[in-house]
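Novice: Next up is a structure, given as structure tokens.
Just so you know, all these numbers are worked out from the coordinates, no wet-lab data involved. Quick caveat, the model's predicted, so the values are computed rather than measured. Using ideal geometry, Cβ is built from the backbone for each residue, glycine included, and neighbour counts are taken over all protein chains shown.
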Amino acid sequence: MQLAYCPRCNQRYARMEHTGDFEHTCNSGNNTLDQEDKKVIGSWQDYTGSESLTIGDVYAKALGVKNQGQRSEIEGTRIPDYTRRGNNADITRQRQHIESIEHRD
């Protein structure tokens, strides 16, 4: 048995030798590391689920204006909300991160 660490969340896990690649669900207690941002593309679902949004809903969500009536808004600058990882929160969603770790024995 070998002990190894996840390169993303630094959590320790155990694995047997010569078992190949390993998928680790990051669960360090730090939401920034444990979650990842994915763009909302449409009304589909993956292993963690997506909202049922149409493409029009996604575009409408991206129209929020934080600088309404200010000079920067008049000049055309749009300031979106950001996630903890720095992505546009209006058009992205969070899901659990699964780190794929390649082991070479």
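Novice: What distance in nm separates the two pseudo spin-label positions at ILE74 and GLU99, each 7 Å out from Cα along the beta-carbon direction?
Specialist: 5.0
Novice: Follow-up. What list of ³J(HN,Hα) values in whole Hz, one per residue of the stretch 28-34 in order, does the Karplus curve 6.51 cos²θ - 1.76 cosθ + 1.60 (θ = phi - 60°) give from phi, with Gly and Pro shown as x?
Specialist: 8, x, 9, 4, 5, 7, 6
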